[in-house]
Each structure stands twice: as structure tokens, then as C-alpha cells.
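Visitor: Please find one structure pasted underneath; my questions will follow.
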């Protein structure tokens, strides 16, 4: 049996298993051993589902032996952010409020992964209810950065990025409300995609801010992220905001179900003469080590078939305030449902009046969640709605319009993913506004609903730097083309020594 | 300046029983955050419309009943005679 199967990309695993180079059981046993050995240091997983993983691997091997067809992700080990519902496997949102919750259904993305024969190996750590940028706000303790375990892994999908970087799974799913896939992807030197709003079903994603969030994918390579998107993207009757991912050209009634089964993105489809806008405010606003890496990558890229120039985005000045106003307003509404009655921790309602009981049990939300609920209630309250919420929605429209006009001029926009390098635990946790400000580069794509991908572009002081590429709505293919070109010319993929 | 009493009131509206030390901490932090949000107030409400969903009501799917498989209440810790027990209302 080949050693170090856990090092393979999803693409290599699926073809290796289908070609009979190794079995799904051989591969998954190495992955489970790796998790057992490494995760005590990294703490990416909240739960590992060994038994189901082994059973699924056995069934894939049998089907291959029997000559049956298997799916696109045959045998590939996938980790799932723990705010995505998995049937019969606990889903906690890293919160005490969801203690003991075992979903009775699979999220749409989970159904699609299972139909593609991916193997779900476990649930991954996050900031409680996906609110945070470091995974320090998890009720299960922080996830550590595999490149230096004294540093944060980013967040909120810290477990999703760290597990892929630490070779504990081949690919993972995260969710991205204001950068929660791209931030940890950048901090852990892996590829992370936030798709167009409506490209992937949110049915079964435990909602925090439903007008901004999308389920995103993380992999070691652009090709792996493309494979996940070919599996999970598409319309869903359980999410009315989903859109068809391919233009429908037939005059007859379109069959979206069959469209969803087709590969939507291709690694062979290369766009030429790419027009690139470098977002000046974001590149110049980053710390020098970060902007230096971005410019070095762009210099190399300019040698290929493209034209790069500086561009400016005036409305960025409002982006962070607008983002947090809208996200917190939606959070205060979405989290109103948690009452500890249908599931939750052990605290009897016997003898309590309902207002008192709810206020008492809901104080078990963590520090950051409570802060956001209170601010959300504030910006929606009489007297402040017009001053904050309405103006934030107006700013959002300005940002959408400006970015739409920029995409008439450019195919992609480039910026840093994060304005700073990964930092040490505890460095920013006491200062929430400073913590929010590190999201400045990523929130624009969520406000405008456009896709954005983070790709590794280098290291500074042995800490990873990620670059963000944004494209127009439903232009994920353009992102994959440009990102894979960067990946090829930079050729910096490596794994941390743990 | 956001006062401790305002935070207490917002906590009550959100059904969060905050401790005294949380009230002190949140009052200072939230005041700083909301002051940062004040930059939104420089935007004029004239001109372009605020962002909103472009989904039209007629595009929504039919309201069909699907039977849910499984028991969504089986993880409640407070069940009795097939019901879930909650706190008293009065």
C-alpha cells in the first residue's frame, strides 16, 4: 500500500481509487490515523465519524469491485464546518446552545456530497455560530494554525482550513458571511472560495446572516475547489435564492435537475486577455509584508496573457460599517429562535416564567454572539433604524453598483485576502472593533453577492499570505482560470511540518 | 454615548440576562463600535434606493406540504406524555 495517501489532493484520491491504485479503505484508514495523531495539536475537529467513514469506504470498494459506477468524489475525505446539518451526526455551531442537537436531516450540500461518494470524516471547528475571524470564539477552544500552532488559524471556518492544511482531510466545506472561508484559507495557505450568492443551496446551513452568507469550499488546489463546486452548486427547491449555474439556452422548459448533474466548471477552459483591476485602497491599506507578496505575484502574472492596472473603489469606505450593521441586524433576528426547549443543554424550565427562563438560558451564548445580538437589536430599534440599518442597505447598493461598473472594465479584481499576517492567540480578542477591521478586504464580495477566491501567494516570516480574486456574479469559471494560472506560475504549494 | 441602562434594556429585548460586568464591558465596546458605524450617517437618503431582494413574490414555489421524516423533537430534554414542556407563560 502506498504511504502518505493522506497527502493526496481530492483529484488524485478520486482517480487513484477509481483506477485501483489503492482502495478507499486503505486511504480512509490513513486519514483517520492522521487525524488521531495530528488533531490533538491542531484541534480542527469537533467530532470525528470513524464508523460511518469506514463503512462508506467499504461500500465504495465493493461497488468498484462489482464494476458499478462511482461518483465524482469517490472515497475523498471531506470535513464539514459544524454549522452545516448532517443527519445523525451532531451539529453544534461550536455553541453551548446547540449542545445535544443531532439533525434529523442532511443539508442539501451534504446530500450532494454523499451522492458523489465523498466520505464525511467529521465536523470542524468554528467561531460560535460563525461569528468571528480567528476561531477563538468557539465553545470548544480555538483551532491552531498548522504553520505555527501559537498563531490563529483565521475564522470563522478555522477548522475547515486548518484540517486541509494539516492533511487531516482532502477538502472541506465552510461558510462565508464576510470572509469566513477566505480568511482562514489565507492564514493556512490553502485555496478557499466564496461562491456567488445563490450559487450553492443554503438549506441546512444554520443561518447567521442569510442575505450575506454562502457555503464555500476549501482545498489544497484550485482544481479541488472546482471539483467540490461541480458537486454542490446548483438550484434547490429548498432554497428560493438559488440560481441555475449555467445559462439556459433551450427554448423548451429547462430541466434544472439535469443541468445540476453536469460539470459546471472546467479546468481546460482558459480565458485569454484577462483584464485585471488592482484595488488600490485594499492593497495599499494592507501591511507592507502582505502588499509586497501581492505585487510580486501580480508581476509574475503580468508576464502571462493579461493586462493589470490600478483601480479605485470609492464606496469601500462604507463597506465595513454597512457589513457589520446588516450582519448583526440579521443575527439578532436569526438567533431569536434559540430557547433551549427543543434541544440544548440540561436546564429544566420547571418553575420559571418564560421571559426569565429564556433570558437565563440565552445568556449561555458566548461573548461575541451576545455582543452581535445586542448591536443588531440596537441598529434595528426605533430611532436608529433610519440612521444605521437603512443607510447600511443604501451603502450596500452603492457598493453593488460600483462593483458592477468595475466588472464592465475588468474581468477580475485583485486585493489581499487579509490586510495582515496571522497573529498570536489573544492579540485582538479584547478589542472587538480592531478584530472587525481585519475583515475590510473580504466583506465587499458578500455585500455585492459576487464570487471571490483566496489563493496562497507566498510566506512572510514563515506565515502564509493569501491573495483574493473577485469576479462578476456567476463568473466562478473566470476565477478558476485566473487562480489556477497564479497557482501554476507561483508553484509554492507545500505542507506544514507538524 | 451608550449607557449601561440602554445595554440592559437591549439585553432584555433580546432575552439576554446580562451580568453587571458584561453590562460595563458591552457599554464601552458597543459605544466604540456604533461610533464607527456613524460614518454611514454621511450617506444621503436621496438618490439611489437601498439594497433589497430582487426576488419577486410570483417566483416563489408553490406552498406544498411534505411530510418530515424523523422526529425533530426527540432531543428535547423536557418531554412528557408526547409533549415538550416549556416554562409557564404567566
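Visitor: Considering only residues that are touching a helix residue (DSSP H, G or I) at 6+ places or on another chain (Cβ under 8 Å), more than 7 Å from chain B (Cβ to nearest Cβ) and free of Cβ contacts under 8 Å to residues at least 40 places away in the same chain, look in the stretch A:377-397 and name the one that is nearest to residue A:471 (Cα to Cα).
Guide: A:385
Visitor: Separate question: Look at the stretch A:361-376 and say how many of its residues are surrounded by fewer than 24 Cβ atoms within 10 Å (Cβ to Cβ), facing chain B (nearest Cβ under 7 Å) and over 25 Å from the mean Cα position of the chain (by Cα).
Guide: 2
Visitor: Going through the stretch B:65-90 one residue at a time, which ones are in a strand (DSSP E or B), over 23 Å from the mean Cα position of the chain (by Cα) and at the interface with chain A (Cβ under 7 Å from one of its Cβ atoms)? Even if it seems obvious, please write down each step before you answer.
Guide: Step one: filter the stretch B:65-90 for residues in a strand (DSSP E or B), giving B:79-80, B:83-84, B:88.
Restricting the remaining residues to those that are over 23 Å from the mean Cα position of the chain (by Cα) gives B:79-80, B:83-84.
The one that is in a strand (DSSP E or B), over 23 Å from the mean Cα position of the chain (by Cα) and at the interface with chain A (Cβ under 7 Å from one of its Cβ atoms): B:84.
Visitor: I want to confirm something. Restricting to the stretch A:419-445 and keeping residues that are under 20 Å from the mean Cα position of the chain (by Cα) and within 14 Å of chain B (Cβ to nearest Cβ), which single residue is surrounded by the fewest Cβ atoms within 10 Å (Cβ to Cβ)?
Guide: Looking at residues that are under 20 Å from the mean Cα position of the chain (by Cα) and within 14 Å of chain B (Cβ to nearest Cβ), I get A:437.
Visitor: Follow-up question, since we're still on this one. Within 8 Å of another protein chain (Cβ to nearest Cβ), out of contact with any helix residue (DSSP H, G or I) (no Cβ under 6 Å at 6 or more places or on another chain) and part of a helix (DSSP H, G or I): is that true of residue A:355 in this structure?
Guide: Yes; evaluated as a whole, the condition is true for this residue.
Visitor: Can we say residue B:60 is in contact with a strand residue (DSSP E or B) (Cβ under 8 Å, 6 or more places away or on another chain), exposed (fewer than 15 other Cβ atoms within 10 Å of the Cβ) and at pLDDT below 95?
Guide: Judged against the criteria, residue B:60 is not a match.
Visitor: Is it the case, given these coordinates, that residue A:28 is in contact (Cβ under 8 Å) with a residue 60 or more places away in the chain and more than 20 Å from residue A:145 (Cα to Cα)?
Guide: Judged against the criteria, residue A:28 is a match.
Residue by residue, here is whether (1) under 22 Å from residue A:71 (Cβ atoms); (2) crowded, with 24+ Cβ neighbours inside 10 Å; (3) touching a residue at least 24 places away in the same chain (Cβ under 8 Å); (4) away from chain B (no Cβ under 14 Å) holds:
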site	(1), (2), (3), (4)
A:104	no, no, no, no
A:116	yes, no, yes, yes
A:126	no, yes, yes, yes
A:140	no, no, yes, yes
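Visitor: Checking residue B:20 against (1) modelled with pLDDT under 95; (2) surrounded by fewer than 10 Cβ atoms within 10 Å (Cβ to Cβ); (3) over 30 Å from residue A:447 (Cα atoms), only one condition comes out false. Which one?
Guide: In the conditions (1) modelled with pLDDT under 95; (2) surrounded by fewer than 10 Cβ atoms within 10 Å (Cβ to Cβ); (3) over 30 Å from residue A:447 (Cα atoms), residue B:20 misses (1) alone.
Visitor: Answer yes or no: is there a residue in the stretch A:336-350 that is within 21 Å of residue B:90 (Cβ to Cβ), facing chain B (nearest Cβ under 7 Å) and in a helix (DSSP H, G or I).
Guide: no
Visitor: Being touching a strand residue (DSSP E or B) at 6+ places or on another chain (Cβ under 9 Å), surrounded by fewer than 24 Cβ atoms within 10 Å (Cβ to Cβ) and modelled with pLDDT of 95 or more narrows it down to one residue among A:78, A:48; which is it?
Guide: A:48
Visitor: May I pose another question? Of the conditions (1) at pLDDT 95 or above; (2) closer than 30 Å to residue A:266 by Cβ; (3) more than 14 Å from chain B (Cβ to nearest Cβ); (4) outside any strand (DSSP E or B), residue A:400 fails just one. Which one is it?
Guide: Residue A:400 satisfies all of (1) at pLDDT 95 or above; (2) closer than 30 Å to residue A:266 by Cβ; (3) more than 14 Å from chain B (Cβ to nearest Cβ); (4) outside any strand (DSSP E or B) except (3).
Visitor: Take residue A:91 and decide whether it is within 14 Å of chain B (Cβ to nearest Cβ) and within 23 Å of residue A:199 (Cα to Cα).
Guide: No.
Visitor: Against the definition (surrounded by fewer than 24 Cβ atoms within 10 Å (Cβ to Cβ), over 30 Å from residue A:316 (Cβ atoms) and modelled with pLDDT of 95 or more), how does residue A:211 come out, yes or no?
Guide: No, not satisfied.
Visitor: Next question. Filter the stretch A:208-235 for residues that are in a loop (DSSP other than H, G, I, E, B) and under 12 Å from the mean Cα position of the chain (by Cα) and give the result.
Guide: A:213 - this is the single residue of the stretch A:208-235 that is in a loop (DSSP other than H, G, I, E, B) and under 12 Å from the mean Cα position of the chain (by Cα).
Visitor: Whether any residue in the stretch A:427-439 is closer than 22 Å to residue A:211 by Cα and in a loop (DSSP other than H, G, I, E, B) is what I want to check.
Guide: So far as the stretch A:427-439 goes, yes, one or more of its residues are closer than 22 Å to residue A:211 by Cα and in a loop (DSSP other than H, G, I, E, B).
Visitor: Evaluate the following for residue A:413: is it surrounded by fewer than 23 Cβ atoms within 10 Å (Cβ to Cβ), more than 7 Å from chain B (Cβ to nearest Cβ), in contact (Cβ under 8 Å) with a residue 24 or more places away in the chain and outside any helix (DSSP H, G or I)?
Guide: So residue A:413 does not fit the description; no.
Visitor: State all residues of the stretch A:159-183 that are more than 13 Å from residue A:220 (Cα to Cα) and out of contact with any strand residue (DSSP E or B) (no Cβ under 7 Å at 6 or more places or on another chain); if no residue qualifies, say none.
Guide: A:177, A:178, A:179, A:183
The values are calculated or read from the model by the stated rules, or taken from the named source; none is laboratory data. This one's a predicted model, so the numbers in the text were calculated from it and none came from an experiment. Here the Cβ is made from the backbone with ideal geometry for all residues, glycine too, and neighbour counts use every protein chain on show.
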